[in-house]
1. Could you sort the peptides B:85-93, B:64-72 by per-residue average Cβ neighbour count (10 Å cutoff), highest mean leading?
2. Per residue, how much space in cubic angstrom lies within the convex hull of the C-alpha atoms of the protein assembly as shown?
3. Per-residue Cβ counts within 10 Å, from other chains only, averaged over A:42-55: what number is that?
4. Counting each pair of different Cα atoms once, what's the Kirkwood radius of segment A:60-101 in Å, rounded to one decimal?
5. Using a simple charge model, +1 on the beta-carbon of Lys and Arg, -1 on the beta-carbon of Asp and Glu, nothing else, what dipole does the protein assembly as shown show about its Cα centre, in debye to the nearest 20?
6. Which lysines have a Cα lying under 27 Å from the Cα of residue A:57, excluding residues fewer than 8 positions away in the same chain?
7. Run the lone-cysteine check on the protein assembly as shown: no other Cys C-beta under 4.7 Å from the residue's C-beta.
8. What list of whole percents do you get for P(r) of chain A, with Cα-Cα distances grouped in 10 Å bins up to the one holding the largest distance?
Amino acid sequence: EAQVTQNPRYLITVTGKKLTVTCSQNMNHEYMSWYRQDPGLGLRQIYYSMNVEVTDKGDVPEGYKVSRKEKRNFPLILESPSPNQTSLYFCASSPREYQNTQYFGPGTRLTVL
Amino acid sequence: RKEVEQDPGPFNVPEGATVAFNCTYSNSASQSFFWYRQDCRKEPKLLMSVYSSGNEDGRFTAQLNRASQYISLLIRDSKLSDSATYLCVVRDSNYQLIWGAGTKLIIKP
């Protein structure tokens, strides 16, 4: 089944404790991105990747890192999480950049205390 | 002013009724437009693209008004399963996707 998976789905952590949210897609998509969704705001892009070893900042990259060592995986890293990073995070992929359809993962709900 | 604005709702609509909501965008050079559907706490899914001439997909009709810079979504014969949040998405002149915060729709039996 074609899908985007994220892990973990739910995470409660404390300020400053490094964490990684994994994202994997099995559709051989070139383009992958991370979004955060907060109440009253639209999805905001954190980072995106147009292909392996190519990553770039989105609208809200501060406090986040990403890597794209393999085509299928695009982990999101929070080196020192803070409470303002409490949010719902979505990973998405599409065959290439500027494709109309994006395929989203199920989301990761992160709470930073 | 937000780049993409939507009425957050909720719109409470009886089953079988017709409901419509709009989304306004600020960048007149925006390239393309979409409606996504998001169920509670789940991932967004593409509902339909919005074409200049307007387009229909079953009970759903999307329209684009470039002069007034808004897009609309009309749902006819609404079903309980249409209850969701509808997200307006605009690809701007830099080809970036700008997401609205969504309009919540509740269909009541």
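Quick note: the coordinates plus some simple rules give every number you see, no bench work behind them. Here the structure is a predicted model, which means the values were calculated and not measured. For neighbour counting, all protein chains shown are included, and Cβ atoms are generated from backbone atoms with ideal geometry for every residue, glycine included.
1. So the peptides B:85-93, B:64-72, ranked by packing, come out B:85-93, B:64-72.
2. 127 Å³
3. Other-chain Cβ atoms within 10 Å of each residue's Cβ, averaged: 2.
4. 12.4 Å
5. 440 debye
6. Counting by Cα, and skipping residues close in sequence, residue A:57 has these lysines nearby: A:17, A:18, A:65, A:69, A:71, B:2, B:42, B:45.
7. When partners are defined as cysteine Cβ atoms under 4.7 Å apart, the protein assembly as shown leaves B:40 without one.
8. Going from the shortest bin to the longest, the percentages are 15, 51, 29, 5.
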